[in-house]
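Data first, discussion second: the structure below is written as structure tokens.
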């Protein structure tokens, strides 16, 4: 059954390779890759003792960053580049118990910012640490948050500013807002409220599209009803749009989220493995009526986080969570990934694909040329070595002939010595008979 707390992290690298990071009860924290035949390779275990809840991210250089905790609750960070992986401790647990700390990280510049929620007797603490130049800072508190399935959401905008969205009390109700991380001062600004509702607001999910517009969805309680709400903020302005109620239900929108693809904003929610959604424009002013999404049920419906460094997707998608399955290799709801053979691409995308392919071909030809030069140098070295070996073989053959001649002479001398020994024996025998015949 669909569970946003058990997420598959899907990454498409710039070269088109697709990786999946996930937790397996037998192998712990694992990954596998999608083959050209749309089959997944066998799992590779990274940390067998890892706890179920973890977070993975891919930076613009196709490198992977993983924040996880072991079964004793200790938080660790792994950096994965090609075939190498390096793991360092982040936070040691005071109690040997693992629980969902709502881990998250953001790689920026030459640093990594880690986020997590720690349980306290009074109220959970939303905290962060920064890893820079192989040194990690002490834990610092951002604020107190509520204990629910989605206590906060973070993102980084185009200007490398980090925003942390969460709920705090206004003295009467829990309202949603955010703090902005000041990169120069390395401090968080004051809490800026977003919602102004006469009731509790929770479950913030936020994304930022290619234009820098922030799209926020959340749930608010209205008596016995739950409302799914949308707001947005344009870049460089602290003004948020009016609240738009997307849908009202008697059920909580626990498994809901928001994403942006091809200039469309989609808010979805899942109930009993059925996907419902509302489609909106990038401006957020026009929303269609809620609909049920038709999705194949032959495979288990999973919660996936999808990110791509592919040139044809990187500026067209902003996906933190999206329903998906492993039908036919990989299938995402609402979104068809660009195929490797150029199907379903526009003329401009196809032109870019051809140009990029030609660039890759040129680089490949240059690499082959360099390899050819290296091979010729190696062949010359091996040729010279072969000539030296041939000279050594001739020298050894001459020595062998000399040894054979010496061997013949030694065998001849040995035979002559045997003849002399026989003659001496006969002579000795004759002398002994002569002595016996002489009278005393």
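The values are calculated or read from the model by the stated rules, or taken from the named source; none is laboratory data. Since this is a predicted model, take the numbers as computed values, not measurements. Cβ placement follows ideal geometry from the backbone for every residue including glycine, while neighbour counts extend to all protein chains displayed.
So which residues in the stretch 240-258 are part of a strand (DSSP E or B) and over 11 Å from residue 227 (Cβ atoms)? Correct list: 240, 256, 257, 258.
Here is a yes/no grid of residues against (1) in contact with a strand residue (DSSP E or B) (Cβ under 6 Å, 6 or more places away or on another chain); (2) within 21 Å of residue 240 (Cα to Cα):
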| residue | (1), (2) |
| --- | --- |
| 142 | yes, no |
| 166 | yes, yes |
| 169 | no, yes |
| 172 | no, no |
| 178 | yes, yes |
| 191 | yes, yes |
| 199 | yes, yes |
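Specify the residue that is nearest to residue 208 (Cα to Cα); the eligible residues are those in the stretch 303-312 that are modelled with pLDDT of 90 or more and not in a strand (DSSP E or B). Across the stretch 303-312, the extreme among qualifying residues is 309.
Residues satisfying the criterion are present in the stretch 163-172 (criterion: buried (at least 19 other Cβ atoms within 10 Å of the Cβ) and either without any contact (Cβ under 8 Å) to a residue 40 or more places away in the chain or within 20 Å of residue 281 (Cα to Cα) (or both)).
When 276, 268 are checked against the criterion of being free of Cβ contacts under 8 Å to residues at least 40 places away in the same chain, touching a strand residue (DSSP E or B) at 6+ places or on another chain (Cβ under 6 Å), crowded, with 17+ Cβ neighbours inside 10 Å and not in a loop (DSSP other than H, G, I, E, B), a single residue qualifies: 276.
When the residues of the stretch 235-245 are filtered to those that are within 14 Å of residue 213 (Cβ to Cβ) and modelled with pLDDT of 90 or more, the one that is surrounded by the most Cβ atoms within 10 Å (Cβ to Cβ) is 240.
When the stretch 65-86 is filtered for residues that are more than 16 Å from residue 115 (Cβ to Cβ) and over 16 Å from the mean Cα position of the chain (by Cα), the ones remaining, listed by number, are 70, 71, 72, 73, 74. Entry remark, the stretch 292-311: residues being over 23 Å from residue 326 (Cα atoms) and touching a strand residue (DSSP E or B) at 6+ places or on another chain (Cβ under 6 Å) number 0 in total. Of the strands (runs of 3 or more DSSP E) contained entirely in the stretch 79-168, those carrying at least 1 residues that are farther than 30 Å from residue 196 by Cα fall at 84-91, 104-108, 111-118, 125-132. The number of residues in the stretch 1-40 that are in a loop (DSSP other than H, G, I, E, B) and either under 15 Å from the mean Cα position of the chain (by Cα) or within 24 Å of residue 101 (Cα to Cα) (or both) comes to 14.
Filtered by the rule that a residue be touching a strand residue (DSSP E or B) at 6+ places or on another chain (Cβ under 9 Å) and either over 17 Å from residue 166 (Cα atoms) or at pLDDT below 95 (or both), the stretch 221-230 gives 221, 222, 225, 226, 227. Among the residues of the stretch 41-53, is there at least one that is surrounded by 14 or more Cβ atoms within 10 Å (Cβ to Cβ), closer than 22 Å to residue 156 by Cα and within 15 Å of the chain's Cα centre (by Cα)? No.
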